[in-house]
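Scroll down for the structure; my scribbles are underneath it.
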Amino acid sequence: MSQTGFTYVESVSPGSGRRGPRAALASDAAALSLDGDWRFRLAAGLHDVAEGFEDPGFDAGAWDVLAVPSMWQMHDLDGDAPYGKPAYTNVVYPFPVDPPRVPDANPTGEYRRVFTLPADWPATGRTVLRFEGVDSAFAVWVNGVRLGDGKGSRLPTEFDATDHVRAGENTVAVRVHQWSAASYLEDQDMWWLSGIFRPVSLVHRPEGGIEDVFAHADYDHRTGRGTLRVEAPEGARVSVPELGIDIAAGETVSLAVEPWTAETPRLYDAEVATESERVSLRIGFRTVKIEDGLLKVNGKRILLRGVNRHEWDPDHGRTLSVETMRRDLEVMKRHNVNAVRTSHYPPDRRFLDLCDEIGVWVVDECDLETHGFFFYDWRDNPSDVPMWREAYLDRMARMVERDKNHPSVIMWSLGNESHTGQNLAAMSAWAKDRDPSRPIHYEGDWDSGYVDVYSRMYPDHAETDRIGQKTEAPTKDPALDEHRRNIPFILCEYAHAMGNGPGGMTEYQRLFEQHERCQGGFIWEWIDHGVRMRTEDGREWFAYGGDFGEPLHDGNFVVDGLVFPDREPSPGLIEFKKVVEPVRITVDAGSRRITVENLRDFADTGDLEFTWAVEDGGEPEHEGRLDLPALAPGNAAIVPFPAGVGELADPRGERWLTVRAVLAKDEPWAAAGHEIAWGQGQLAAAAAPAPGSATLAASAADRGYLLGDAEFDAYGRLTALGGLEIEGPRLDLWRAPTDNDLRSWHAPLADKWRDNAVGLHRLEHKVLGIDAGDDGLAVTTRVAAGGAEIGMGAVYRWTHTGGVLWLTVEVDPEGEWDFPLPRLGVRASLPKAFGDVTWFGGGPGEAYADTRDAARVGRFRSTVAGLQTPYVFPQENGSRIDVRWARLAAAGGPALTVYGAPQFALTVRPWTSEDLEAARHRTDLAERDRVYVNLDADLQGMGSAACGPGVLPEHRLLPRATAFTLGFRAGE
Ligand code: IPT
């Protein structure tokens, strides 16, 4: 088989026949979108291509029609998936590691379309074919003439087509290869997907036009003046009408301006014009500097409350609409996110326009990752092999040139997980020379020789603390220690948002606030990359690695975001919003004062309105507005409780004062009234109900026992209360393991729990004795698993006082319980009809020991379905924390009320923990005819062990002898 003409596929060269990189510009030059329907055929490899497909006369009439932009593996996945399926691997290359060779089985898409050159297309100048993104390597023909080829999937490529485009109909043909030498540089943790996945256009380049623009717009915070200088072709004029600027290209002007920051994204419309072309720009004046060991913008240390954002759409893969990009930013801003790392490639150029407009700090990351070489000690890693140098520099140049005019971009990142090497150093040197105004970021070289910030992923809290104090271990190369010790620190990835969690965000945030050097970071990651699918009966589910039969895959590790695949916020995002809130409100009932701190870096609180509300036992009592002067960034105000609070009558239950900061007016990303921050304080406690001393007596009855209106079976298990059938509470230590329980860099907790000698998922309950009499009913048991020597003594003491059935469970670990428990509580079940749940306690969302900041105290109500968190990979979820009482009611009928003495954690499910554990996808879960109720004294925290540190010691549930009490009452 001859492969002549295909050498570019396995060549380390970044391409041929391409035009030089330049800024993404909005120009009035003629342009023609080539998006839309293209003829398409998928070849199995280079041996299988359609010879002559590029010729205008070629008949592709029988070929399929495919949308451009799109990714070919994302088509008709519920049907016959005509173009193959997505495949997911994280670190491992899905092909033999033999650079730069790739498999013969190399799916190759052949695209053709005919377009008509508009009649008024200019006859002079150049005509350029522009691709915003093609994954992975491609070659291009116009009217049968080959223009060149390119690589660099998430970077633009332009070809000059002037000499081959003609009036009337033209044929453009593109051959795209899934695998190429460049695949070795694109080993990001995501689905392997291919095609022309970003827009394609024909653009005119007028003679005497504006090929490139580099706007330098600095801001001097001492003088309040901005300086503008725009590099553009000679003769071009630069105008900023709002500022009265009209200068020549290259000229510098300095004048008073309002600066751009992520909090105050002030943009000025500008135009750069020559006689033949006008381009519009949006200028943001700001200066980024590393100074005093800190990352500063406009002279101030900034704090990054960031997320790592992959481009993902559950239906279209990495092809995103502008609406979806905007939605991402809206959801981010609504949740107090102020920074994005474009992990791990430059995003669609339109996303950065939106970042400028809406206001987030951006770390723009180059399309580079060679992580798979890790398994072979980084042997032959392209980062340090000279033949790859040009490819590395080409990628960096294409990113920097494209994105250099965005005020939102405050740092360039060389890429991700590509170890160390001379080619990375060369990228950094090139970028510093081309754009000295932006610091360089790269995590993979811990010695930080060629970067301006010390960046790490997933260090634990203790190490972060040491770095904050500058007492971290020295660099490997002693010569670099001083440099590294004196640069700012960021966590380019932390708090892995896989499944339930991440726990421990609060403790990181405290470190960022405590240590100047720790300037925040980026949660891993923004979105679950689940692929939307439907069952035959139309139910939606989301696929992850392995669901498409990939021989090599990394399972659900691709589903680890703060939003679900459909962009609905997960509890992790709600928690993050609270943890990083830019205004902190503290309500102190003791001193009857409210403290409001403005934790922003630039903006005052003039955009916010403060409201207060008092609730008694969850019932609204009184509310009003809190008048506060606008607080400058970094400032705080302490104000007395509003007068209305003093006028309240004696409380009937627990009384809470909640103070909220909401948007005073509409913002581009949220409507007036949107909540930014809140604080709560307890004004009055309520006596927790407790069993009285004089209980009704228990007695033996036919095959069981009776205690007031409670009925028990022969094993002392509650079967009915007030005539309400109940499968009575029994000790439960199990939870469907979370991703953080299942994975760890050390020993996953779930392995311990399922160990033969432990077996928490298969506990047996052995009754040792039952005592019925004047003190009520005492049932002594021992709970242990088959094969296990260790066991948990559990005594259930039932009493009946004041119309309430009380249960005190005394547990006593026997043997070596040297590991945290998933949960400690009891589980009961009720008929399915008990589907309406009201509770007073923490809510409205789920919360665990180390993910509980967003839970506020109040009275909440939900259906059982509404209490379930739809994690793509089913696992423990839905627990509500600090519950004082809960009422489970059947429509129009009876109800069961549970009292804490004083509190418990409440979980209600339409299926069991075992069902959750067995399920691989949401659609595996079927509602049973009962509701399952977990009433827990405590639960193990969530941590972030799926990638990073586990649960902090204070949030671990270590077994010890303890007791907890619950009350039950049946009635309306
Ligand atoms: C780190 C990667 O940078 C990121 O792409 C993602 O894979 C993340 O882990 C886990 O989801 S690398 C890891 C080995 C620390």
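Nothing in this text is a laboratory measurement; each read-out follows from the coordinates by a stated rule. Because the structure is a prediction, the values reported are computed rather than measured. Virtual Cβ from ideal backbone geometry, glycine too; neighbours counted across all protein chains shown.
Structure values in brief
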{"read-out": "FRET efficiency, His221 to Ala479 (Cβ-Cβ, R0 35 Å, nearest 0.05)", "value": "0.55"}
{"read-out": "Nitroxide proxy distance, nm - points 7 Å out along Cα→Cβ at Ala714 and Ile247", "value": "9.5 nm"}
{"read-out": "Residues in region 202-221 that a label on Leu32 would reach, taking backbone N under 17 Å of a point 7 Å out along Cα→Cβ", "value": "202-206"}
{"read-out": "Relative contact order, percent, the chain [alpha-carbon distance under 8 Å, six or more residues apart]", "value": "9 percent"}
{"read-out": "Whole-Hz ³J(HN,Hα) from phi, Karplus 6.51 cos²θ - 1.76 cosθ + 1.60, for region 348-357, glycine and proline x", "value": "3, 4, 5, 5, 6, 4, 5, 5, 4, 6"}
{"read-out": "Length added when fully stretched, Glu513-Val114, from 0.36 nm per residue minus Cα-Cα", "value": "137.8 nm"}
{"read-out": "³J(HN,Hα) computed for each position of region 759-770 - Karplus, 6.51 cos²θ - 1.76 cosθ + 1.60, integer Hz, glycine/proline x", "value": "x, 5, 8, 9, 6, 10, 10, 10, 7, 9, x, 10"}
{"read-out": "Helix 389-403 vs. the chain, principal-axis angle (Cα, 0 to 90°, nearest 10)", "value": "80 degrees"}
{"read-out": "For region 511-522, 3J(HN,Hα) per residue [Karplus equation, 6.51 cos²θ - 1.76 cosθ + 1.60, θ = phi - 60°, Hz, x = Gly/Pro]", "value": "5, 5, 7, 7, 9, 3, 5, 7, 9, x, x, 10"}
{"read-out": "Quotient of C-alpha Rg and 2.2 N^0.38 Å, computed over region 3-205", "value": "1.00"}
{"read-out": "Rg [Å, one decimal], Dmax [Å, integer] - region 155-310, C-alpha atoms", "value": "21.0, 62"}
{"read-out": "Percentage relative contact order, region 581-684, counting C-alpha pairs under 8 Å, at least six apart", "value": "33 percent"}
{"read-out": "Cα-derived Rg to Rh of region 607-753, Kirkwood definition", "value": "1.20"}
{"read-out": "Region 698-971: relative contact order as a whole-number percent, Cα under 8 Å and 6+ apart", "value": "21 percent"}
{"read-out": "Amide H within-cut-off set for Asp64, under 5 Å, with H built and near neighbours excluded", "value": "Phe40"}
{"read-out": "Low-density loop positions, trypsin sites (Lys or Arg not before Pro), region 485-562 - DSSP coil, at most 11 other Cβ in 10 Å", "value": "Arg539"}
{"read-out": "Dipole magnitude of region 655-706, debye to nearest 20 (Cβ charges: Lys/Arg +1, Asp/Glu -1, about Cα centre)", "value": "180 debye"}
{"read-out": "Under-5 Å amide H pairs with Val307, H placed in peptide plane, nonlocal only", "value": "Ala339, Val340, Arg341, Ile523"}
{"read-out": "Estimated [θ] at 222 nm from DSSP helical runs (n ≥ 4, -39500 (n - 2.57)) normalised by residues in the chain, nearest 500", "value": "-3000 deg cm²/dmol"}
{"read-out": "Quotient of C-alpha Rg and 2.2 N^0.38 Å, computed over the chain", "value": "1.05"}
{"read-out": "The chain, dipole about Cα centre (Lys/Arg Cβ +1, Asp/Glu Cβ -1), debye to the nearest 20", "value": "1140 debye"}
{"read-out": "FRET efficiency for His746 and Asp380, using Cβ-Cβ distance with R0 set to 22 Å, rounded to 0.05", "value": "0.15"}
{"read-out": "Region 16-48 and region 471-543: distance between their alpha carbon centers, rounded to Å", "value": "35 Å"}
{"read-out": "Total charge dipole magnitude, region 698-971, about the Cα centre, Cβ charges on Lys, Arg, Asp, Glu only, Debye to nearest 20", "value": "720 debye"}
{"read-out": "Label-to-label distance, nm, for residues given as Val322 and Ala918 (7 Å Cα→Cβ offset)", "value": "5.0 nm"}
{"read-out": "For region 330-403 and region 774-830, distance of Cα centres in Å", "value": "53 Å"}
{"read-out": "Interchain or long-range residues, amide H under 5 Å from Leu368's placed H", "value": "Asn416"}
{"read-out": "Cα pair count fraction exceeding 20 Å, expressed as % - region 858-917", "value": "31 percent"}
{"read-out": "Dipole of the chain [Lys/Arg +1, Asp/Glu -1 at C-beta], most positive-end residue of Gly148, Leu683, Ser343", "value": "Leu683"}
{"read-out": "Listed residues Gly546, Ile440, Leu295: farthest to the positive end of the dipole of the chain (Cβ charges)", "value": "Leu295"}
{"read-out": "Sites Arg434 and Arg584 - FRET efficiency at Förster radius 41 Å, r taken between beta-carbons, to 0.05", "value": "0.50"}
